[in-house]
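A short worksheet on the structure shown next.
The values are calculated or read from the model by the stated rules, or taken from the named source; none is laboratory data. What you are looking at is a predicted structure, and each value in this text was computed from that prediction instead of being measured. Methodologically, a virtual Cβ is constructed for each residue, glycine included, from the backbone with ideal geometry; neighbour enumeration extends over all protein chains shown. For accessibility, only protein heavy atoms count, side chains too; no ligands or nucleic acids. Shrake-Rupley method; radii C 1.70, N 1.55, O 1.52, S 1.80 Å.
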Amino acid sequence: MAVLALLCAFGLASFLLLRRHPLELVVAGLAMHCLLPSILVVSRLQVARFSIHPGAALVIAGLISLILLKRDDIRVFAERWLECTAALIGLAALGVVHGVTTGGAPSLGFAFDQIVVPMCAVFVIGVELTADPGKWTRLRDGILAIAAVEGVYASLQARQNSPILFAEALSEQAWFGTASEVRWMGSLDHPLVLAVILATAMPLLATVRRWYVVFPLMVIYFSGILATESRAGLLAIAGTAAYALLRGRTSPRSKSVLILASVGFVAFALQSGMVDGALERFVTGEASTQARVKAADYFFSILDQYLWLGEGLEMSFRVAAGGGLTTSFENSVFMTIVDMGLPSALFYYGLMIALLVTGLVRRSMPGFVIGGVVTLIQITTFSALGVRSAAALWIWVVAAGAAFSPRHAPPARRILPSAPPTSVFAAEPPPAAEDLTRKVPA
């Protein structure tokens, strides 16, 4: 209870200190969403069966701050990103409709945490980075710091063989207390959510210049993945670590040192047995693979029932159980289709993909784009978005970073209202700053 009070105090302090800084409020909300498991919020912080995560409340506070303080920036963003703005508003409204029609305060709380609040976060990030592209570093640093805290915490859990905090609330999870208990989750709701967060943060290290910052964070993220024993996470973090090493912004000499140090750490991990548990799952994980295959077969056999409408939010578990599955559908896309229907699911994931494609077309900071793609792949391997957790907000924040971060690392500057739009929704980028200041010959 003392830890819960401390975290709530953190949320209040964040609001008081950052109330004039919408982007930083979103980052603080993301941190709070990760530090406080959703199962604890649902079980301990309900009012009339309705609950909204304190981290989500901070994101909404960021949106309110933006509306009150930066109306000109909102107008510029809405003009430059008209279709994106309309899609964000439409998806948020759709989430509320699904929450209300599903019936009950719990469904409405789910809709707010999983759909409405992430759309608010994307909007705030878009407005802030459009007005001041230099703020992308604050978003990146927040993501790297949150992932580092979670990685260290999961490693401590693995060392002590204990969840350390929130054990009573976590015991209410269906998976907790089974054979998978040796897989640790940090302060999140599931080990695989932690794997998503760590694998997403890793490619952002390619944008960090200081090798003595990059290497310790790589070790922390890799160690955290080993605590989760996630096969998909291990493959993802291996690939993104290679990307961060080869495409990093460190000097050639520092890059060589980083590569040698990383090879040495991997060799040490293999020799010391640190990776044995994760590697063993590639051999003994046949049961979970078969469960996913069975779930996919059952989903496609009933897909024609959800071509328009779904069963209601969080109802996919009941449908899966009715089909004889001992697990969920183990795929966030499948679960969203069953819950909301195919059109709503296409709208939800279509916008997410559009943001990532926008970042690819604009050649935005590549770490966000790579991280977003890796995350999108990972959520198709488990029920990341089918239950309340930090996964939804995290994924959409990374997608927003991919779409709205700058091509390089420009100094903080203001975008002129007359600047033409730059996205897959619109035309070519504005001319570079040096072109605008180039002298005309006499």
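An oblate overall shape is assigned to the chain, the ratio a/c of its alpha-carbon gyration tensor axes (a ≥ b ≥ c) being 1.5 or greater and a/b not exceeding b/c.
Here the simple spin-label model places points 7 Å from the Cα toward Cβ, and for A238 and L279 these points are separated by 1.0 nm.
Taking amide H positions as modeled 1.01 Å from N, with prolines and chain starts lacking one, the residues under 5 Å from G341 and 5 or more places away or on another chain are G310, E311. When each of the peptides 161-169, 117-125, 229-237 is scored by the mean number of other C-beta atoms lying within 10 Å of its residues, the order from highest to lowest reads 117-125, 229-237, 161-169. Extension gain, D141 to S288: 0.36 nm times the residue separation minus the Cα-Cα distance gives 49.4 nm.
Note that the chain presents 44 Å² accessible area per residue, ligands and nucleic acids not counted, probe 1.4 Å.
Note on segment 8-148: dipole from Cβ charges, positive end direction compared against A121, P54, A28; the farthest Cα belongs to P54. Within the listed set A105, A261, A158, the residue fluctuating most in the Gaussian network model of the chain (springs between alpha-carbon atoms under 10 angstrom) is A261. Based on the Cβ-Cβ distance from R407 to A9, what FRET efficiency comes out when R0 is 45 Å, to the nearest 0.05? E(calc), rounded to 0.05, equals 0.70. For segment 311-321, the Karplus equation 6.51 cos²θ - 1.76 cosθ + 1.60, evaluated at θ = phi - 60°, returns couplings of 7, x, 4, 6, 8, 5, 5, 5, 5, 4, 5 Hz by residue, with Gly and Pro reported as x. When the Cα gyration tensor is reduced to axis lengths a ≥ b ≥ c, the ratio a/c is 1.5 or higher for segment 113-152, and with a/b not above b/c it is classed as oblate. Segment A105..A93, full-extension length gain: 2.7 nm, with 0.36 nm per residue of separation and the alpha-carbon distance subtracted.
Build a GNM of the chain with springs between Cα atoms under 10 Å: which of V149, V263, V319 gets the top mean-square fluctuation? Comparing V149, V263, V319 in the GNM, the peak value goes to V263. A simple spin-label model places the labels of A321 and A57 3.1 nm from each other, with each point 7 Å out along Cα-to-Cβ. Using a/c under 1.5 as the rounded threshold, could you call segment 8-147 rounded, prolate or oblate? The axes a ≥ b ≥ c are square roots of the C-alpha gyration tensor eigenvalues, and prolate needs a/b larger than b/c, oblate otherwise. Taking the square roots of the gyration eigenvalues as a ≥ b ≥ c, segment 8-147 is oblate. Of the accessible area of segment 112-203, computed with a 1.4 Å probe over protein heavy atoms only, carbon and sulfur atoms account for 57 percent. With each label modelled as a point 7 angstrom along the Cα→C-beta vector, the L303-L17 pair spans 4.9 nm.
Ranked by the mean number of other Cβ atoms within 10 Å of their residues, highest first, the peptides 93-103, 29-39, 345-355 fall in the order 29-39, 345-355, 93-103.
Residue separation of L246 and L82 scaled by 0.36 nm, minus their Cα-Cα distance, works out to 55.4 nm of gained length. Heavy-atom surface analysis with a 1.4 Å probe gives segment 273-372 a carbon and sulfur content of 63 percent of its accessible area.
Each Lys and Arg Cβ is given +1 and each Asp and Glu Cβ -1; about its Cα centre, the chain then shows a dipole of about 1560 debye. Relative to the compact-globule estimate of 2.2 N^0.38 Å, the Cα radius of gyration of segment 261-365 comes out at 1.50.
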